Amino acid sequence: MTLYIGREASKLWKRICAEATTEINLLLDNWKYVLAGLIFRFHFYIHGLAAHGVHYLHRPGPTLQDLGYFLLPELGQDKAYISEMVFTFVFLSFVLWTLHPFIFKSKKIYTVLIWCRVLAFLVASQILRIITFYSTQLPGPNYHCREGSKLARLPKPSNVQEVLLINFPQGVVYGCGDLIFSSHMIFTLVFVLTYQKYGTRRCIKQCAWLLAIIQSLLIVASRKHYTVDIAVAWYTVNLVVFFVNKKLPG
């Protein structure tokens, strides 16, 4: 039994080393795409900075009339975490899937090439998102963005440092004004569309679409976004994926 485990562990280690060598070579060939994506994914800061800036412009007001709000019952503040749980599951599942060639024999994808595409999709989509939420500011429907909440408006900054430094997690979790279109849906749809193209299990593909639909409904039901934010995300991300797919390797 010990001998069998040792032999299998040795095979696994050899497979990981061989895959790592292949992926490193691909990384060297495509380093410009990866570097560009990572620089903007440092975008967690760039996008966060843009969202922080638009929070200064946010003005709370009556929640807009929304068909989704009429059709979907409100989850309430105490259950708003449900949509975050679904998003976290989708995110972690996708990351693990992109790493599976290092472990399993059935190799259908290259991790570096997948992330080249994913980073490009995310960068293009988030740039469009920044443009749109700076073009049109809506009164935030989230609980902390409504009239009467101390978090709905940021006090006028007294220096540049206050604008450039984002408090974590408060500055990320309790932002207002960055509505059109949903960032959570950008990530979810990019992951789902990527798996639709490169995944091999039909049942998982169907489940992925179902999770994307559920995520859309939960975001509206938790009043984090208006229905238009979800609709624009579906439309825009699909267009971005369609056009960027033609420009990238693999």
Looking only at the stretch 173-203, and only at residues there that are touching a helix residue (DSSP H, G or I) at 6+ places or on another chain (Cβ under 7 Å), β-branched (Val, Ile, Thr) and in a helix (DSSP H, G or I), the one that is farthest from SER149 (Cα to Cα): THR194
Within the stretch 94-112, restricting attention to residues that are more than 24 Å from the chain's Cα centre (by Cα) and charged (D, E, K, R), which residue is modelled with the highest pLDDT? LYS105
Evaluate the following for LEU151: is it out of contact with any Gly (no Cβ under 8 Å at 6 or more places or on another chain) and either part of a loop (DSSP other than H, G, I, E, B) or aromatic (Phe, Trp, Tyr) (or both)? yes
Extreme residue, modelled with the lowest pLDDT, among residues of the stretch 124-139 that are within 20 Å of ASP66 (Cα to Cα) and in contact with a helix residue (DSSP H, G or I) (Cβ under 6 Å, 6 or more places away or on another chain): GLN137
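State all residues of the stretch 40-51 that are assigned to a helix (DSSP H, G or I) and aromatic (Phe, Trp, Tyr); if no residue qualifies, say none. Let's see the steps before the verdict.
Start the filter on the stretch 40-51 by keeping residues that are assigned to a helix (DSSP H, G or I), which leaves 40-41, 43-51.
PHE40, PHE44, TYR45, listed by residue number.
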Residues satisfying the stated conditions in the stretch 52-87, i.e. surrounded by 13 or more Cβ atoms within 10 Å (Cβ to Cβ), free of Cβ contacts under 8 Å to residues at least 40 places away in the same chain and in a loop (DSSP other than H, G, I, E, B): none
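The values are calculated or read from the model by the stated rules, or taken from the named source; none is laboratory data. Remember, predicted model here, so these are calculated numbers, not experimental data. As a convention, Cβ positions derive from the backbone with ideal geometry for all residues, glycine included, and neighbour counts pool all protein chains shown.
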